1. Between Tyr42 and Val58, what is 0.36 nm times their sequence separation minus the Cα-Cα distance? Round to one decimal in nm.
2. Using a 10 angstrom cutoff on alpha carbons, build the Gaussian network for the chain and name the most mobile of Met258, Met103, Met244.
3. If you add up the charges near Ile82, with Lys and Arg at +1 and Asp and Glu at -1, over every other residue whose beta carbon is less than 10 angstrom from its beta carbon, what do you get?
4. May I ask you to list the lysines whose Cα is less than 19 Å away from that of Lys74, ignoring any residue fewer than eight positions away on the same chain?
5. Give me the lysines in straight-line cross-link reach of Lys269: C-alpha distance below 24 Å, same-chain residues under 8 apart excluded.
6. Please work out the Cα center distance from region 152-199 to region 218-263, rounded to the nearest Å.
7. Can you give the three extents of the C-alpha atoms in region 126-193 along their principal axes, from longest to shortest, in whole Å?
8. Of all trypsin sites (Lys or Arg not before Pro) in region 81-124, which ones are in loop regions per DSSP and have a Cβ with at most 16 other Cβ atoms within 10 Å?
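Read the figures in this text as sums done on the coordinates, not as results from a lab. These numbers come from a predicted model, not from an experiment. Because the Cβ atoms are built from the backbone with ideal geometry, glycine has one as well, and the counts that use them run over all protein chains shown.
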Amino acid sequence: MTHHCPSCGGPGSPDRRFGEPFLSCLSCGLRFSAVAPEGAVYGAAYYRRGGGLPKPVVGLLHRLAYGPALRLAKPGARVLEIGCGSGVFVELLGARGCEVHAMDASPEALRLAAERSPRAVFHEGVVEAQRFPAAHFDVIWSFHVLEHVEDPSAFLAEARRILKPGGVLLLRVPNAGSLEAALSGTHWFHFDWPFHLAHWSPRSLRAALARAGFSRAASHPALDYPQALLYAALSALGLRRLTMPVKLALLPLQALFMPLSVALGWIGKSGTMEFRARV
Ligand SMILES: [Zn+2]
């Protein structure tokens, strides 16, 4: 049980958005769990999800999610993805001619990723345990990992240490300051208790990156999980259990919500957010 912020060490007070066991840091605004549940790791089924959607829809979602982030990958660069899951992004990096390293805490995820990308180098466990040399990577990507991490300050410090001068860390996390989170609270798509231990806002993430020694951090719009805004709006109306046929029927409506998601991204209120921080 901790009552101090895992990012800045500030004191926690009861969190009005998510309730127990979450506390809100009075110093940086991070909403963090006072407890870290044992064994809260995704099972094999998590890494095989998405199978219910038609292939063109999955392809479109991948392009939306990863297109702009992928442009940081230059041919020949040594790059790392922290938390590669089943390896969708690792495969895209390999196709760009990078020397690709990838890691994940889940052996099952690594097995799936290695099947996709036999030439990439895979590492199991957390980044602090890998003992990579200092100033080793040109770019590090980490999509939707930091919200799972028990010690985010150690994670960010290690990412900073292993990046070359001028290197970039790209982080993507759910945005607890989003309209979605405000509309749906603990029914938010990204609430995901007990897997998500901390909920970041633009303010708390910017502060954490500065403390870790990154010189500049710029936010960019992220369009992964574009479905979550509509789900949050429906949740606010009391509609919370959506079956796959209903989700498919809602796809045309999703297209209408897309411009709103983009607009919210520019004012720091989108459901997920991306920061690119430089060494
Ligand atoms: Zn804090």
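1. That pair, Tyr42 and Val58, stretches by 3.7 nm at full extension.
2. Of Met258, Met103, Met244, the Gaussian network model singles out Met244 as fluctuating most.
3. Local charge sum for Ile82: -3.
4. Qualifying lysines at Cα under 19 Å: Lys164.
5. Lys247
6. After rounding, the separation between the Cα centres reads 20 Å.
7. Over region 126-193, Cα extents along the principal axes are 43, 23, 14 Å.
8. Those that pass, being in a loop and sparsely packed, are Arg96, Arg119.
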